[in-house]
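K.L.:
This structure is in C-alpha cells; I'll ask about it shortly.
The values are calculated or read from the model by the stated rules, or taken from the named source; none is laboratory data. Worth saying up front: this structure is predicted, and the values here are computed from it rather than measured. Cβ sites come from the backbone with ideal geometry, for glycine too, and all protein chains shown count toward neighbours.
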Amino acid sequence: MSATVSRDRDASPTARRRWPARLAMLFALLLGALAGIGVFTFGYGQGWSYLSNDPAGCANCHVMQGHLDSWQNSGHRHVAVCNDCHLPHHPVGKWVVKADNGFFHSLAFTLENFHEPIQIKSRNARVTQEACLHCHGDFVHTTSLAEVDAVSCAHCHSDAGHALR
C-alpha cells in the first residue's frame, strides 16, 4: 500500500474537512491582497479623476501633459473634451473603452512599457474616427471621402484636436 493511501485512511474525518476551509481561507487572503493592491494603485494613480470628464485628469501621467497642452491650443478646446473624441458616444461602449484603456494604460505606465511620445493604438484611432463622424458626419457625408475607408479624418486633420504637435 502506498504512503498516500495509508495517510488518507489514517487521517481523521475532522482533518479531511479542514482542507476545504484552508483552501477557502487561502483564496480569501489572496483575493484580499489583490483587492488591496488594486485599491492602493487606483488611489495612488488618482484613478477617480480618470472617471471624470475633466481633461486635466488625462494628464495625471506626465506623458499626457503635451497632449493636454496641445488640446488647449486647438480649435476643439471650446467644443470638445478628451472623452468626446477618444470615447464612443454610446453609454455602454464608453465605459467598455474607458475600462479597457484604463487597464492597459495603468499596466503600461506601471511597467514603463510605452512609446514616448505616446501614440494612439489602432483600436482607439477607430474610436476617434467614429467621434469625428459623430460631430461632423453631415458635412463629411457630402464629400467623396466619406466612402473611402482607408482615409481617416486625422490623416488630413492631424492637428484638429491637438494643435501645434
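K.L.:
Check the range 81-102 and report whether any residue there is without any contact (Cβ under 8 Å) to a residue 24 or more places away in the chain, of a type in the set (Phe, Trp, Tyr) and exposed (fewer than 13 other Cβ atoms within 10 Å of the Cβ).
P.N.:
Checked the range 81-102: no residue is without any contact (Cβ under 8 Å) to a residue 24 or more places away in the chain, of a type in the set (Phe, Trp, Tyr) and exposed (fewer than 13 other Cβ atoms within 10 Å of the Cβ).
K.L.:
Give just the number: which of (1) within 23 Å of LEU68 (Cβ to Cβ); (2) at pLDDT 85 or above does GLY93 not satisfy?
P.N.:
(1)
K.L.:
Mind checking which residues of the range 34-63 are under 21 Å from PHE114 (Cα atoms), among the aromatic types (Phe, Trp, Tyr) and surrounded by 10 or more Cβ atoms within 10 Å (Cβ to Cβ)?
P.N.:
Of everything in the range 34-63, those that are under 21 Å from PHE114 (Cα atoms), among the aromatic types (Phe, Trp, Tyr) and surrounded by 10 or more Cβ atoms within 10 Å (Cβ to Cβ) turn out to be PHE42, TYR50.
K.L.:
Continuing with the same structure: Could you please find all residues in the range 75-116 being of a type in the set (Lys, Arg) and more than 15 Å from the chain's Cα centre (by Cα)?
P.N.:
ARG77
K.L.:
Can you confirm whether CYS58 is assigned by TED's automatic domain parsing to the domain that holds ALA160, at pLDDT below 85 and within 30 Å of HIS136 (Cβ to Cβ)?
P.N.:
yes
K.L.:
Sticking with this structure for a sec: Go over the candidates ALA99, ALA108, ALA131 one by one and state the one that is farther than 21 Å from ASN53 by Cβ and either among the aliphatic types (A, V, I, L, M) or out of contact with any Gly (no Cβ under 8 Å at 6 or more places or on another chain) (or both).
P.N.:
The conditions single out ALA108.
K.L.:
Which ones in the range 32-77 are among the small types (Gly, Ala, Ser), farther than 18 Å from ASN101 by Cβ and without any contact (Cβ under 8 Å) to a residue 24 or more places away in the chain?
P.N.:
GLY32, ALA33, ALA35, GLY36, GLY43
K.L.:
Kindly establish whether ARG22 is more than 16 Å from HIS162 (Cα to Cα) and either in the same structural domain as SER152 (by TED's automatic domain parsing) or not acidic (Asp, Glu) (or both).
P.N.:
Yes, satisfied.
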